[in-house]
Amino acid sequence: MKRNINNIRHEREELNRLYNAPGHRRLKYAALTAIAVSIILILSMIIWIDELSPKAMLIMRGCAGLGAVIFVVLVGTSTYRVNKHHIADRINTRSGGGQGKSE
């Protein structure tokens with residue numbers, strides 16, 4: 001049981017290291033910015049619901065939805081890239097360094 005807990009802890013540390021790499025960190029901040037803009041647009045629509053025209057409301061809803069879609073795409077891309085590197089590292093360590101490729 002203790003070996004399993006240590007293995008899980010090691011895997012979590014490895015994933016945290018990959019998520020904090022500079023390229024992945026930029027994706028994470030871009031995703032957070034996109035969702036923050038969407039939330040601000042939605043909150044502003046709620047606050048000024050009486051003062052906004054229907055056309056402005058539709059434009060703001062569309063932009064908030066577009067920001068949410070961008071957020072999902074960025075998070076999906078970041079998750080894919082981190083998992084791809086994590087799986088490649090696990091395969092390379094199990095196969096003895098990954099020198100089995102033939103050219």
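The values are calculated or read from the model by the stated rules, or taken from the named source; none is laboratory data. The structure displayed is predicted, hence computed values, not measured ones. The area values use the complete protein model at the heavy-atom level, side chains included, leaving out ligands, DNA and RNA. Shrake-Rupley method; radii C 1.70, N 1.55, O 1.52, S 1.80 Å.
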- Item | Cα-based Rg and Dmax for the chain, where Dmax is the largest Cα-Cα distance (Å) | 21.1, 68
- Message: Given a 1.4 angstrom probe, I'd like the percentage of the accessible area of the chain that is carbon and sulfur, rounded to a whole number.
- Response: 64 percent
- Any idea of the accessible area per residue across the chain, 1.4 Å probe, to the nearest Å²? 79 Å²
